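K.L.:
Pasting in a structure now, in structure tokens, and then I'll have a few things to ask.
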């Protein structure tokens, strides 16, 4: 089969980007594949093309509703109509129709949580599955062990689907995370296509401030100076909203905030407005950006640093997908180091909460009552557990056979709680270590590019001209162009020099 010809027929591209052909060929050979390709290199085509060429229906497990919708709409706009996403954007009637006619689709996008539905699994097992794809596969390790534990059940799902060719694809995964992905998916034989995380067109800059007030002031200055469009990452919903308002008050009208607390329709609207150039700046939590197909993001600012290096590389990788010069700017003050630790402590149940859940389950077992969904809501409300912390706890209680079909095994409870408490302690230690690695990156006086590449066990062969603030970095090239100044300077130059000036400043 002429893969280049098929690529052009379906997507209009005459050649593959680095890594795409290798991954596609392995899938066409019915191999299980682990692939890591840098953000912006067209990872989705790696599974979309073979899904269109192989007989059957490809199942694509995707972490975010907005990501599913974005990819579905892109495919439909290219004339590829036999594609659907099973999510909350569908009405009950539409959802039922898609499930009943699964075999008629080339690609079906779905969340790991939806795969826990027996109705959906019954429909999938009666359908010929061409591929089983986990998009953004680092989520298995990054999220699965904590608040989205259904990721850890995907290996079982794959086996129930009679082990079709499996692709786990991501932009950032250390060797440890790569092993975890393969292990959790239970893949016996894997072909790995691992490419560098290096993005030479993205300059790295860290700015340090004495306190948060100074940081807010300087953020406003940076936004006014930097050539956009741009993303500003923050740690919480309230920060996203407040900074968007502050930036608007400075005269920047094309700015919005984005976080997981927005309605689905609002999130999708903001995403599309940003992609279509109707918005220049998004103040967002880490809920925004995964898989967003916008090539010309010129800067990514971290107002708060992420909890680990993988997330940092994911987020800055949303800049410069067109290959043009872009900048990643991290703003830091000493107080910032305590924020991710606080967030980590809320993501997992603490000792007092574990004891309270233990008492509640003992009460149910002694009364010979089953654990109901109302009980789950009451536990979260009374004990102060986040939804993610409860999911983590519920998963491990099931794993230790404490809860089965709503019944509580009182005898298994003490030992299970001891194991879960140790598990929480280990996870917090691991996460705090990741935070410390980010702090080390921020405070290092060595080449930042070499630092993050060494984290992924890579070496830097050649430094780009604009590398990082610890090496060599000319910020002028990332600033907005003053049209009057450009006009005056160009008027006095011969045409050859005029062209040089224009292209230099672009």
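The values are calculated or read from the model by the stated rules, or taken from the named source; none is laboratory data. Note that this is a predicted model, so its numbers are computed, not measured. When we count neighbours, we look across all protein chains shown, and the Cβ atoms used for this are built from the backbone with ideal geometry, even at glycine.
K.L.:
Out of all the residues in the range 414-423, is one or more free of Cβ contacts under 8 Å to residues at least 60 places away in the same chain and either under 29 Å from the mean Cα position of the chain (by Cα) or in the same structural domain as residue 36 (by TED's automatic domain parsing) (or both)?
P.N.:
Of the range 414-423, the ones free of Cβ contacts under 8 Å to residues at least 60 places away in the same chain are 414-416, 418-419, 422-423.
With the extra rule that they be either under 29 Å from the mean Cα position of the chain (by Cα) or in the same structural domain as residue 36 (by TED's automatic domain parsing) (or both), the set shrinks to 422-423.
Yes: one or more hits.
K.L.:
Could you tell me whether residue 349 is in contact with a helix residue (DSSP H, G or I) (Cβ under 6 Å, 6 or more places away or on another chain), assigned to a loop (DSSP other than H, G, I, E, B) and closer than 30 Å to residue 453 by Cα? Explain how you work it out, then say what you get.
P.N.:
On the way: in contact with a helix residue (DSSP H, G or I) (Cβ under 6 Å, 6 or more places away or on another chain): yes; assigned to a loop (DSSP other than H, G, I, E, B): yes; closer than 30 Å to residue 453 by Cα: no.
No: the conditions fail for residue 349.
K.L.:
Please specify each residue of the range 262-288 satisfying the condition of being under 23 Å from residue 72 (Cα atoms) and part of a loop (DSSP other than H, G, I, E, B).
P.N.:
Matches in the range 262-288: 262, 263, 276, 277, 278, 279, 286, 287, 288.
K.L.:
Right, something else. In a loop (DSSP other than H, G, I, E, B), touching a residue at least 12 places away in the same chain (Cβ under 8 Å) and not assigned by TED's automatic domain parsing to the domain that holds residue 391, is that true of residue 311?
P.N.:
Numbers: in a loop (DSSP other than H, G, I, E, B): no; touching a residue at least 12 places away in the same chain (Cβ under 8 Å): yes; not assigned by TED's automatic domain parsing to the domain that holds residue 391: yes.
No: the conditions fail for residue 311.
K.L.:
In the range 145-174, which residues are over 22 Å from residue 54 (Cβ atoms) and over 18 Å from the mean Cα position of the chain (by Cα)?
P.N.:
Pass one, the range 145-174, residues over 22 Å from residue 54 (Cβ atoms): 145-153, 156, 171-174.
Scanning the range 145-174 gives 153, 156.
K.L.:
Another one. Can you pull out every residue in the range 443-465 that is surrounded by 17 or more Cβ atoms within 10 Å (Cβ to Cβ) and in a helix (DSSP H, G or I)?
P.N.:
First pass over the range 443-465, keeping only residues surrounded by 17 or more Cβ atoms within 10 Å (Cβ to Cβ): 447-453, 455-456, 460, 464.
448, 449, 450, 451, 452, 453, 455, listed by residue number.
K.L.:
Considering every residue within the range 226-238, establish whether at least one is out of contact with any helix residue (DSSP H, G or I) (no Cβ under 9 Å at 6 or more places or on another chain) and in a helix (DSSP H, G or I). Show your work before the answer.
P.N.:
Going through the range 226-238, the residues out of contact with any helix residue (DSSP H, G or I) (no Cβ under 9 Å at 6 or more places or on another chain) turn out to be 228, 237-238.
Narrowing the set further to residues that are in a helix (DSSP H, G or I) leaves 237-238.
Yes; the residues of the range 226-238 include at least one that is out of contact with any helix residue (DSSP H, G or I) (no Cβ under 9 Å at 6 or more places or on another chain) and in a helix (DSSP H, G or I).
To keep it simple, each residue is scored yes or no on (1) over 30 Å from residue 39 (Cα atoms); (2) assigned to a strand (DSSP E or B).
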residue	(1), (2)
327	no, yes
340	no, no
343	no, no
369	yes, no
377	yes, no
380	yes, no
396	yes, no
427	no, no
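K.L.:
For the range 305-325, indicate whether the set of residues that are surrounded by fewer than 17 Cβ atoms within 10 Å (Cβ to Cβ), at pLDDT 90 or above and over 20 Å from residue 248 (Cβ atoms) is non-empty.
P.N.:
Taking the range 305-325 as the starting set, the residues that turn out to be surrounded by fewer than 17 Cβ atoms within 10 Å (Cβ to Cβ) are 322-324.
This time we only want the ones that are at pLDDT 90 or above, so: 324.
So of that shortlist, the ones also over 20 Å from residue 248 (Cβ atoms) come out as 324.
Checked the range 305-325: at least one residue is surrounded by fewer than 17 Cβ atoms within 10 Å (Cβ to Cβ), at pLDDT 90 or above and over 20 Å from residue 248 (Cβ atoms).
K.L.:
Going through the range 281-296 one residue at a time, which ones are modelled with pLDDT of 85 or more and either under 20 Å from residue 238 (Cα atoms) or under 16 Å from the mean Cα position of the chain (by Cα) (or both)? Break it down stepwise before answering.
P.N.:
Our first condition is that a residue be modelled with pLDDT of 85 or more; within the range 281-296, this holds for 281-286, 294-296.
Hits for the range 281-296 are 281, 282, 283, 284, 285, 286, 294.
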